[in-house]
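Reading through the structure tokens given below for one structure.
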């Protein structure tokens, strides 16, 4: 059967409040299919901009318009930014169509099967006292969810983990200006855009940056005689936070806890959840202890010994339902399923994808570089604008 990749992309506009050592990221993810599929919300080509894992702009091959996904982005950036972005996205769409065909030929894949080409590029910074420090840059390609080609920023060269990517690597490495531009974009231009985007919602975010803390318990799903006690901190920004689950005012060691990790909410804030298994008839004192840069003193939330879904005594009556939705993933418009391989591609993972023509960096390169060593089919040229 054919292969369908699943791309789960998570998003919402991340915003900046200067905090010592706070980390931020800006990534663009492009996904192209070799043919249309008759499924709602799935398109031959999509492009997403992510700030701190939150969607800031979106484009698909049906509407063919780059649109803002955050009100602040729309208000702060001029209309010509979106007009130019639309043209750049359309150009990249054509670039991807050409390269999907070239890769299918190189991989000897059947046109009746569904193939997927994906590109992710961007940067991460650490922000201290309003000044960004570059941490790392990512420029990588994947084909059908498998790593294909990635850029080594430090040594300014392309890495080919599979033999089929070697012709592309050789072509691109033979053009120093191409690799110089890619390095410059990742370390400087991307950082500039990241800083600019973070300013979009600074004022709005300050109004809801303090964490809310909840302590609740429900029956364990693995042991009928136990409860899962959970501490949840949500609605905080920036994302650096400390959450301890305490027993008799002493923090439990992390190896006894299950943590969700810091996750994004849909309003630009974050959440963190930690849980521990306890005996159902446990009468010990438990609380949640939270510290955050927005707090003058820690928040301490005591567990009231109520159980969310218990129906008998032992741990008390049925407790109040905690009306908090834990958002693990906020889908930014596309979910693809790989029928053949069952592959899931996450934006945070290293998913490199190949292209046989020179990458869409905006650099003018010689015509002979438009093909990455398989066959020169004329191509569609180099899409301009790496940082849109």
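At-a-glance table
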| quantity | calculated |
| --- | --- |
| Which listed residue is more than 19 Å from residue 303 (Cα to Cα) and over 25 Å from the mean Cα position of the chain (by Cα), from 247, 169, 218, 210 | 169 |
| Among residues of the range 123-150, those that are in contact with a helix residue (DSSP H, G or I) (Cβ under 7 Å, 6 or more places away or on another chain) and either surrounded by fewer than 24 Cβ atoms within 10 Å (Cβ to Cβ) or outside the structural domain of residue 182 (by TED's automatic domain parsing) (or both), counted | 4 |
| Pairs where the first residue, in the range 215-231, is surrounded by fewer than 12 Cβ atoms within 10 Å (Cβ to Cβ) and the second is part of a strand (DSSP E or B), C-beta under 7 Å, 6+ apart | 225/279 |
| Scan of the range 242-253 for residues that are in a strand (DSSP E or B) and either over 28 Å from residue 51 (Cβ atoms) or modelled with pLDDT under 95 (or both), ordered by number | 244, 245, 246, 247, 250, 251 |
| Answer from 295, 229, 317 - the residue that is more than 29 Å from residue 54 (Cβ to Cβ) and at pLDDT below 95 | 317 |
| Unique match (being in contact with a helix residue (DSSP H, G or I) (Cβ under 6 Å, 6 or more places away or on another chain) and either within 26 Å of residue 183 (Cβ to Cβ) or outside the structural domain of residue 188 (by TED's automatic domain parsing) (or both)) among 66, 76, 92 | 66 |
| Which numbered condition residue 163 fails, given (1) over 30 Å from residue 295 (Cα atoms); (2) without any contact (Cβ under 8 Å) to a residue 60 or more places away in the chain; (3) buried (at least 16 other Cβ atoms within 10 Å of the Cβ) | (3) |
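Yes or no, residue by residue, for (1) modelled with pLDDT of 95 or more; (2) touching a strand residue (DSSP E or B) at 6+ places or on another chain (Cβ under 9 Å):
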| site | (1), (2) |
| --- | --- |
| 55 | no, yes |
| 74 | no, yes |
| 78 | no, no |
| 111 | no, no |
| 115 | no, yes |
| 123 | yes, yes |
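The values are calculated or read from the model by the stated rules, or taken from the named source; none is laboratory data. Owing to the predicted nature of the structure, the values given are computational and were not obtained by experimental measurement. Please note: Cβ atoms are built from the backbone with ideal geometry, for glycine as well, and neighbour counts cover all protein chains shown.
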